[in-house]
Structure formats: C-alpha cells, structure tokens
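Trainee: Sharing a structure below in structure tokens format, with a few things to ask.
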Amino acid sequence: MKKALLLLSILFIISCKNEKKSEISSEENKEESIAQQIARAHGFENFKDIEEIKFTFNVKVGDSVRTSRSWHWKTNTDEIRLTEGDISRTYIKDKSIADDEKELDQKFINDSYWLLFPFQLVWSDAEISKEKKAEAPISKKEMRNITVSYPSEGGYTPGDSYELFYEDDLILKEWIYKSANGSRESPTTWEDYKDFNGLKIARSHKSPDGSFELFFSGIEVN
C-alpha cells in the first residue's frame, strides 16, 4: 500500500512539473511577437548554424526568363559573390559599401529579401501592424494578416510596404507589395516550399494570372 501511495505521489509531482513546463512554454509564446513567430516558423532559429547560402534568382514573364543571377553568400563574413552571365563580382556587405558596389548590393538586397523575407521581420527596422483577419488577394481565402512598413527615409526603396497573408501554421502563403507612393501593387503567391537544413524557403512566387513568376533554383544551404 505504501509503495502504491509513493508511486502515485511521484506521478503527481511529475504531472505537476509537466503542466508547469507547458504553462511556461505557453507564456513564452505569448511574449514572442507575431513577427518573431513567423520568422521561427520558417526556421529562423537555425540560421545561426548556416555558413553559406547559394541560390539563383530568376524572373520569368510569359515563357521567357528575363532575369537570372546567381549568388554565393558566406553568412559569417558577409562576403557575397554575384555571377550574372559571364560576369562575376565579389564584395563585403558592411556599413561602408563603396559607391561602385551599391548597385551590386541593391540587387542582393532585393533577391535575398525574396529568399528570406520572413527573417527580415526580425532583422530589419520595419514597423509591424497588429494582426487581423483579411481576404488573401489571390486565393480569396480568409487568412491571418499583418502589414510590414519600412521607414520613409533610408534604404534602397524607402516607404515600401507589404501585406502578408498566412494561416495558423504561420507559413507565408501570399503577399501584396505596395510601393511608397501607392502607384504600384503586386500580389504574388508564396509556394513550392522546401526545407534546406532547417530553413523553409518558398521557391516560387506567381502573379494572379500566372504570367509572372519569380523563382529560385540551385539553392544550397550549408
């Protein structure tokens, strides 16, 4: 009888500890911002273990590939190499980028934003709106939604904003890019996801009618 009571007591203590851990975990999730939650859902916590990323950024309009450029990014040193056609150039991304490297850096910012935008929710100085429900522009499904707005000064495209649409798994499904002056709005999908060493990357982004596709090939994450 004493052994049975002792066993019940141990089980009760273990149960209480597990409940406590669950409560703590729940509290931690509540403290995490929606931006952090979205980044984590895409594997942000694994980025610290990545040493290099290779990818090719492609833009297809109709049946024709209009843009194709390949990148090799050494994340520890921020050494970045672009190969575009027969030309290959390398630069170090830091606070003192030379004037003749700014065009190169602007291309990298654009292409890497498409590749890893969920991480920019944590890395960049964007303003994140409160979460709400809204109709996604392409699927017309009701999804969770936030607006990501960039400052009106600084950067290569100041004042731009993005409407993000995602479901309960926090994986981006669609977005709308909006230019600073409101003259341009471009909705595209986020699809064809694949896991690369813990980073969940959408390899394809299509316009509503499919006539435009921005896609990635040759992705390597080491």
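Trainee: Can you give the convex hull volume per residue for the Cα atoms of segment 95-219, as a whole number of Å³?
Mentor: Spelled out: Cα convex hull of segment 95-219, divided by residues, is 142 Å³.
Trainee: Let me ask you something else. Just the number please: accessible area per residue for segment 116-222, 1.4 Å probe, all protein chains included, in Å².
Mentor: Heavy-atom SASA per residue in segment 116-222 reads 51 Å².
Trainee: Turning to a different aspect of this structure: Quick one: Kirkwood hydrodynamic radius for segment 36-163, alpha-carbon pairs, angstrom, one decimal?
Mentor: Working: mean 1/r = 0.0596 Å⁻¹.
Across segment 36-163, the inverse of the average 1/r is 16.8 Å.
Trainee: What are the residues whose amide H is under 5 Å from the amide H of residue 193, where those residues sit 5 or more places off or on another chain and H is modelled from the backbone?
Mentor: Answer set, sorted by chain and number: 203.
Trainee: Compute the accessible area per residue over segment 27-97, keeping the other protein chains in place, probe 1.4 Å, unit Å².
Mentor: 61 Å²
Trainee: If you find the alpha carbon centre of segment 79-104 and of segment 162-204, how far apart are they in angstrom?
Mentor: If we compute the Cα centre of each part, the gap is 26 Å.
Trainee: For the pairs 107/133; 48/194; 132/173; 95/130; 173/194, note any where the Cα-Cα span goes beyond 24 Å. Provide the component values of the computation, followed by the final result.
Mentor: Values: 107/133 33 Å; 48/194 19 Å; 132/173 15 Å; 95/130 31 Å; 173/194 14 Å.
Correct reply: 107/133; 95/130.
Trainee: Turning to a different aspect of this structure: Express the carbon and sulfur contribution to the solvent-accessible surface of segment 83-222 as a percent, rounded to the nearest whole number, probe 1.4 angstrom. Write down the numbers at each step before the final one.
Mentor: On the way: 3470 of 7530 Å².
Result for segment 83-222: 46 percent of the exposed heavy-atom area is carbon or sulfur.
Trainee: Suppose accessible area is computed on protein heavy atoms with a 1.4 Å probe; arrange 83, 188 from highest to lowest.
Mentor: On the way: 83 55, 188 5 Å².
The most accessible residue leads, giving 83, 188.
Trainee: May I pose another question? From the square roots a ≥ b ≥ c of the eigenvalues of the alpha-carbon gyration tensor of segment 37-110, which class results: rounded (a/c under 1.5), prolate (a/b over b/c), or oblate? If you can, show how the numbers build up before the last one.
Mentor: Working: a/c = 2.01, a/b = 1.16, b/c = 1.73.
Oblate is the answer for segment 37-110, as a/c is 1.5 or above yet b/c matches or exceeds a/b.
Trainee: Expressed in nm to one decimal, what extension gain is obtained for the pair residue 140 and residue 207 from 0.36 nm per residue of sequence separation less their Cα-Cα distance?
Mentor: Between residue 140 and residue 207, full extension yields 22.8 nm more.
The values are calculated or read from the model by the stated rules, or taken from the named source; none is laboratory data. Please read all numbers here as calculations on a predicted model, not as lab measurements. All accessible areas refer to the heavy atoms of the entire protein, side chains included, with ligands and DNA or RNA removed. Shrake-Rupley method; radii C 1.70, N 1.55, O 1.52, S 1.80 Å.
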